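**Q** I'd like to ask you about the structure that follows.
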Amino acid sequence: MSRGKTKSRGWKLVLGTAAVMALGALGAAPIPAFATTASGARLSTLVSGEPAKAGTGMAAVLQTNGNQDVYYVGADNNINAWFWDGHHWSNGPLSGGELAKTGTGMAAVLAPSNGNQDLYYVGANSGIYAWYWNGHWNNGPL
């Protein structure tokens, strides 16, 4: 495992062995334990949010305006999101929907023409569920 490899946008990702987990069923890159700014400040001291549940996947979309949305399963099995508005990160749950099954992966898609998003995951009852954005968040089974 490499430590301190510099990434774009002035962030340096530092991997911790306790936080390394597979991203979805394909076994993509591990999740960093924390990130630091170019000046060395820990990102975890700049932001807070629901911790990710070990062994679950995450998904992300990049909107046409540069905003970013990162979705993950929280320790409470709710789907949570980090939203980047071009200036600040914010975090919150997509509350009121089906909880995620332990070990689930996720997939997200964005319709660039209107900004609508769909996020797919396996629910706690083993059904396939979607959160979808069409001006506000909605949840339901497929």
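The values are calculated or read from the model by the stated rules, or taken from the named source; none is laboratory data. In this text, all values refer to a predicted model and were calculated from it rather than measured experimentally. In this analysis, Cβ positions are derived from the backbone assuming ideal geometry, glycine residues included, and neighbour counts consider all displayed protein chains.
**Q** Take the stretch 63-87 and flag every residue that is of a type outside the set (Ser, Thr, Tyr) and assigned to a loop (DSSP other than H, G, I, E, B).
**A** Hits for the stretch 63-87 are Gln63, Asn65, Gly66, Asn67, Ala75, Asp76, Asn77, Asn78, Asp85, Gly86, His87.
**Q** Oh, and also: Lys53: at pLDDT 75 or above, out of contact with any helix residue (DSSP H, G or I) (no Cβ under 6 Å at 6 or more places or on another chain), surrounded by 11 or more Cβ atoms within 10 Å (Cβ to Cβ) and of a type in the set (Lys, Arg), yes or no?
**A** yes
**Q** I need a count of the residues in the stretch 102-133 that are more than 17 Å from the chain's Cα centre (by Cα) and more than 19 Å from Leu62 (Cβ to Cβ).
**A** Summing the residues that are more than 17 Å from the chain's Cα centre (by Cα) and more than 19 Å from Leu62 (Cβ to Cβ) in the stretch 102-133 gives 5.
**Q** Looking at this structure, is Ser90 free of Cβ contacts under 8 Å to residues at least 40 places away in the same chain and either surrounded by 12 or more Cβ atoms within 10 Å (Cβ to Cβ) or not in a loop (DSSP other than H, G, I, E, B) (or both)?
**A** yes
**Q** Considering only the stretch 75-87, how many residues are buried (at least 17 other Cβ atoms within 10 Å of the Cβ) and over 14 Å from Asn139 (Cβ atoms)?
**A** Qualifying residue count, the stretch 75-87: 1.
**Q** Condition first: in the same structural domain as Trp133 (by TED's automatic domain parsing), modelled with pLDDT under 90 and closer than 16 Å to Trp137 by Cα. Can you find one or more residues in the stretch 95-104 that meet it?
**A** Yes, that holds for at least one residue.
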